[in-house]
Amino acid sequence: MDNRNIIKCESCGNTYSSGKSKCPYCGAKRPATAKRTGITSNSRTIGGAVILAIIVIAAVIVVVFSIKHQSDLPEATTSPSDSSGITELTSPPEGTEETAPVTNDIPVESIAIDNTGFQLPVGAMYELKAILTPAEAESIITWSSDNEAIATVNPVSGLVTAVAPGEVHFTATTGDKFAVATVTVYDPNLPASGGTSSGAAGGNAGGGTVQGGTGLSHSDVTIKASSKEKFTLKFNGSTDWVYYSSDTNVATVDEKGVVTAVAKGTCKVTVTANGSSYSCTVRVR
């Protein structure tokens, strides 16, 4: 039976259906405003309790999820000296690796320069190289010139550029170690004396000699680039001399005067001795 259609008798207190005009127990007539009884208020109470239970359960789920999420984060600490409250992670994020910089801690025992005394014509360039002991040592080298009016040097690479005739000293420094090289810059326009032979270098090009006095065995030589042809430029004179190529991209020369073709072009191979210079034109074809 629908509880909303039940009426409580005011006389005997029993309940009966609202469809009856009087109480079947005591015969009292049903008043016009008879009170209906039911569980409407109870339903409201039960509904409120259900809603409250749902809210509590949802709150518990949120709290549990938050606790689990916090436990998955890397541990963080706050620097005691930092009052801003900024935190620093004590462990790197997943998937990253910490790599320490690679350094060479081998101490330098000594430093030397590959060429400590030579001559350069005005306008020429030469790259000085530092030699460290032990060979495994690594260090920053700083280059300097004591007279940049005569020749300059790149402080990092050691590239020397001859500016004007004279003598200049270059210093290579690392820490408290240093080495010095002396360079004499000369005027390449001084007339060369010696041989006047020219032509292809094949066969007899390296065999000529200067007759009488100081000079070179050749003054003009043509060699082939395709075969990296060589010839020997002989110097007749002092035993203390230096060979130099004006363009090593065209032809090179070693300390014995052996000239080697590199690529097509023209350059001058010069010998300096006792402050004088002697040149040979080298044509590479």
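The values are calculated or read from the model by the stated rules, or taken from the named source; none is laboratory data. Note that the structure is predicted; figures quoted are calculated from it, not measured. Cβ: placed from backbone, ideal geometry, glycine included. Neighbour counts: every protein chain shown. Note: areas computed on protein heavy atoms with side chains; ligands, DNA, RNA excluded. Shrake-Rupley method; radii C 1.70, N 1.55, O 1.52, S 1.80 Å.
Things to note:
- Scope segment 239-281; condition surrounded by 18 or more Cβ atoms within 10 Å (Cβ to Cβ), within 13 Å of Phe118 (Cβ to Cβ) and over 44 Å from the mean Cα position of the chain (by Cα); matching residues: Ser277
- The residue that is modelled with the highest pLDDT, counting only those in segment 195-215 that are open to solvent by less than 40 Å² (accessible area, probe 1.4 Å) and over 51 Å from the mean Cα position of the chain (by Cα), is Gly215.
- Flag if Thr171 is open to solvent by less than 40 Å² (accessible area, probe 1.4 Å) and within 33 Å of the chain's Cα centre (by Cα): yes
- Check on Ile39, modelled with pLDDT under 50 and under 30 Å from Ser17 (Cβ atoms): yes
- Selection over segment 216-238 of residues that are over 10 Å from Val259 (Cα atoms), open to solvent by 40 Å² or more (accessible area, probe 1.4 Å), in contact with a Lys or Arg (Cβ under 8 Å, 6 or more places away or on another chain) and in a strand (DSSP E or B) gives a count of 1.
- Hits in segment 174-191 - residues which are open to solvent by less than 50 Å² (accessible area, probe 1.4 Å), modelled with pLDDT of 90 or more and closer than 19 Å to Val242 by Cα: Ala181
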